[in-house]
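So that we are looking at the same thing, I have put the structure below in structure tokens.
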Amino acid sequence: MSSRIVTVPNVLTVSRMVMIPLFVTALYYQRFSLALAIFVTAGVTDGIDGFLARRFNQGSQLGQILDPIADKLLLVTSFITLSMPGIIAKTNHLPVPFWVTAAVVGRDVFIVVGAAAINVVTGFRGFRPSLLGKANTVVQIAAITIILVAARFSTLRGYVLPTTYTTVFLFALVSGVHYAFWVSRLMNDERGARGPGQN
């Protein structure tokens with residue numbers, strides 16, 4: 001893993017973070033089509049930076065830290081903003097219900113606080129996303145896309161949005177609980193790799 005800072009994947013990751021205030025601004029002025037374009041662009045850069053890091057061996061320690069942070073900032077900011085009544089006029093199933101946003105934010109807070117506590121107590125740093133956690137991210141990205149499209153086209157709100165909200169909530173809940181068991185497994189694997197009698 002390289003210690004380089006200026007790499008193409010890192011530049012793309014930082015550009016994705018720069019898009020967040022642009023995305024929120026578009027939402028504030030209810031330019032949902034523009035907001036959707038910015039969000040999709042951010043998602044594309046996420047895929048491209050991961051591909052470049054793997055294909056051209058441009059992975060870096062900084063990128064390993066910044067990439068998930070950029071993803072979480074974009075998604076959490078999206079759900080919080082879209083749950084504000086002032087951003088989207090109150091209509092059928094909009095804005096995003098508070099319980100959906102609370103599940104999304106609560107899951108991430110639980111994981112971050114838990115990881116910090118484990119690191120302080122045990123020194124363990126080998127945290128990695130689980131397959132279910134990655135699926136949760138994909139579900140949230142798809143949900144934001146669907147919500148933005150539904151904000152523009154009211155005919156999609158009746159059945160699509162309730163299903164989307166329920167799916168996001170369930171994935172956040174299940175993946176959050178699952179992550180606790182996943183971290184326990186990672187810690188056991190690390191202890192097993194070190195061998196008996198080693199700290």
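Values in this text are rule-based calculations from the coordinates and carry no lab data. Predicted model, so just to flag it, every value in this text is computed and none were measured. A quick note on method: Cβ atoms are made from the backbone with ideal geometry, for glycine too, and the neighbour counts reach across all protein chains shown.
In debye to the nearest 20, how big a dipole does region 86-199 give about its Cα centre with +1 on each Lys and Arg Cβ and -1 on each Asp and Glu Cβ?
100 debye
Of the chymotrypsin sites (Phe, Trp or Tyr not before Pro) in region 1-99, which ones lie in a loop per DSSP and count no more than 16 other C-beta atoms within 10 Å?
Hits after loop and neighbour filter: Tyr29, Phe56.
Further question on the same structure: Can you give the calculated 222 nm mean residue ellipticity of the chain, where each DSSP H run of n ≥ 4 adds -39,500 (n - 2.57) and the sum is split over every residue, rounded to the nearest 500 deg cm²/dmol?
Mean residue ellipticity, 222 nm, calculated: -26500 deg cm²/dmol.
How high is the relative contact order of the chain, given as a whole-number percent (alpha carbon pairs under 8 Å, six or more residues apart)?
Reported relative contact order: 23 percent.
Using the Kirkwood radius over C-alpha pairs as Rh, can you work out the diffusion coefficient of region 148-199 via Stokes-Einstein at 37 °C, viscosity 0.692 mPa s, in µm² per second?
Rounded, D is 230 µm²/s.
Along its principal axes, what span do the Cα atoms of region 1-82 show, with the longest given first and each in whole Å?
41, 18, 16
Cut-off 10 angstrom, C-alpha nodes, Gaussian network model of the chain. Which of Thr41, Thr167, Thr81 fluctuates the most?
The residue with the greatest mean-square fluctuation here is Thr41.
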